[in-house]
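The values are calculated or read from the model by the stated rules, or taken from the named source; none is laboratory data. Quick caveat: nothing in here was measured; it's all calculated off a predicted structure. With ideal geometry, Cβ positions are generated from the backbone for all residues, glycine too; neighbour counts draw on all protein chains shown. With ligands, DNA and RNA removed, areas are computed over all heavy atoms of the protein, side chains included. Shrake-Rupley method; radii C 1.70, N 1.55, O 1.52, S 1.80 Å.
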Amino acid sequence: ADYQTILVEAKGAVTLVTLNRPDALNALNSTVLKELIDVFAAYDADDGQRCLVLTGSEKAFAAGADIKEMADQGFAQMYASNFFQGWEKVTATRKPWIAAVAGYALGGGCEVAMMADILIAADTAKFGQPEIKLGVTPGMGGSQRLTHAIGKAKAMEMCLTGRMMDAAEAERSGLVARVVPAADLVAEALKLAETIASMAPLAAIATKEQVNAAYEMTLAQGINFERRLFHGLFGSKDQKEGMSAFVAKRKAEWTGR
Ligand code: HXC
């Protein structure tokens, strides 16, 4: 497909998606959303692709939703178009994906990074929800996902002041899985993605469903859900393959079935 705002490369079983609006610090306009929905759906549908990395530039992962696109909209337009509708299609991706953040991840940029299954940061990363400085609030999940990730104390402070959090604080707070030197960010993200891509594909999808269920269910429901998915994998060829390969001391060959 021909995209205007993102670059897409297949690297073996890993799809690398790079936000590419350098003149606007990768601000997320409706074209970016449309193209991301398309590329994530294609990724999910392609049996040959088993992990995806979403990254930006050295200066910015994304400096937010596109302020210039929103500035003149009124309530009726925002409400009628259900502005930001569509991002839930990105979060509905069933296969795992990673956000690799260098530079600014602000507003919608921080919110998209938090939609990822794993967030890794360069030591240059800066996270923030500065919407309050524009007279609004987070609108793509920031007030919820940031609170889940780092707790009320810091989330409330970040959203009410709009201050930025650097990479070290983000790691300390549990927002990111890992911080790496900026020069290694994409290579490290791809290495992590390749590791995930080498796992049994159905088990990877089930794992993602299980962990995400922890945010939607009670503990008892979540544990029951986990166990049922675990049982379900015993209907897969890859469970037989994985366990017989272990016993035979050989490498498993996954079929994704
Ligand atoms: C549209 C943006 C943009 C954005 C930057 N640009 N962020 N355009 N939407 N979110 C544009 C600038 O207008 C400028 O274009 C170019 O990118 C370079 O930005 P500069 O400001 O010149 O760069 P710099 O001085 O290095 O400052 C970087 C920055 C600053 C600190 C990240 O750009 C900034 O504060 N951006 C806005 C951050 C923000 O408030 N994000 C939240 C957005 S609201 P020109 O044409 O002048 O060169 C949001 C809400 C979601 O995400 C839900 C609720 C509505």
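Can we say Ser143 is within 16 Å of the ligand (Cβ to nearest atom) and not aliphatic (A, V, I, L, M)? For Ser143, the condition - within 16 Å of the ligand (Cβ to nearest atom) and not aliphatic (A, V, I, L, M) - is met. Residues in the stretch 213-232 that are touching a helix residue (DSSP H, G or I) at 6+ places or on another chain (Cβ under 9 Å) and surrounded by fewer than 16 Cβ atoms within 10 Å (Cβ to Cβ): Ala214, Tyr215, Glu216, Met217, Gln221, Phe230, Gly232. For the stretch 14-24, does any single residue satisfy the condition of being small (Gly, Ala, Ser) and more than 22 Å from Ser81 (Cβ to Cβ)? No, every residue in the stretch 14-24 fails to be small (Gly, Ala, Ser) and more than 22 Å from Ser81 (Cβ to Cβ).
Scanning the stretch 1-26 for residues that are over 18 Å from Ala100 (Cα atoms), hydrophobic (A, V, I, L, M, F, W, C) and open to solvent by 80 Å² or more (accessible area, probe 1.4 Å) yields a count of 1. Mind listing whichever residues of the stretch 84-102 are within 16 Å of the ligand (Cβ to nearest atom) and either touching a residue at least 60 places away in the same chain (Cβ under 8 Å) or out of contact with any Phe, Trp or Tyr (no Cβ under 6 Å at 6 or more places or on another chain) (or both)? Correct list: Phe84, Gln85, Gly86, Trp87, Glu88, Thr91, Ala99, Val101, Ala102. Out of all the residues in the stretch 60-80, is one or more within 12 Å of the ligand (Cβ to nearest atom), farther than 23 Å from Glu171 by Cα and surrounded by 22 or more Cβ atoms within 10 Å (Cβ to Cβ)? Yes, the stretch 60-80 has at least one match.
Has the stretch 238-256 got at least one residue that is touching a residue at least 60 places away in the same chain (Cβ under 8 Å), more than 25 Å from Glu58 (Cα to Cα) and open to solvent by less than 70 Å² (accessible area, probe 1.4 Å)? Yes, some residue in the stretch 238-256 is touching a residue at least 60 places away in the same chain (Cβ under 8 Å), more than 25 Å from Glu58 (Cα to Cα) and open to solvent by less than 70 Å² (accessible area, probe 1.4 Å). Counting only helices (runs of 4 or more DSSP H) wholly contained in the stretch 165-220, the ones carrying 3 or more residues that are modelled with pLDDT of 95 or more and more than 30 Å from Asp238 (Cβ to Cβ) occupy 167-172.
Put simply, of Val32, Val39 the only residue that is open to solvent by less than 40 Å² (accessible area, probe 1.4 Å), within 16 Å of the chain's Cα centre (by Cα) and either within 12 Å of the ligand (Cβ to nearest atom) or among the small types (Gly, Ala, Ser) (or both) is Val32.
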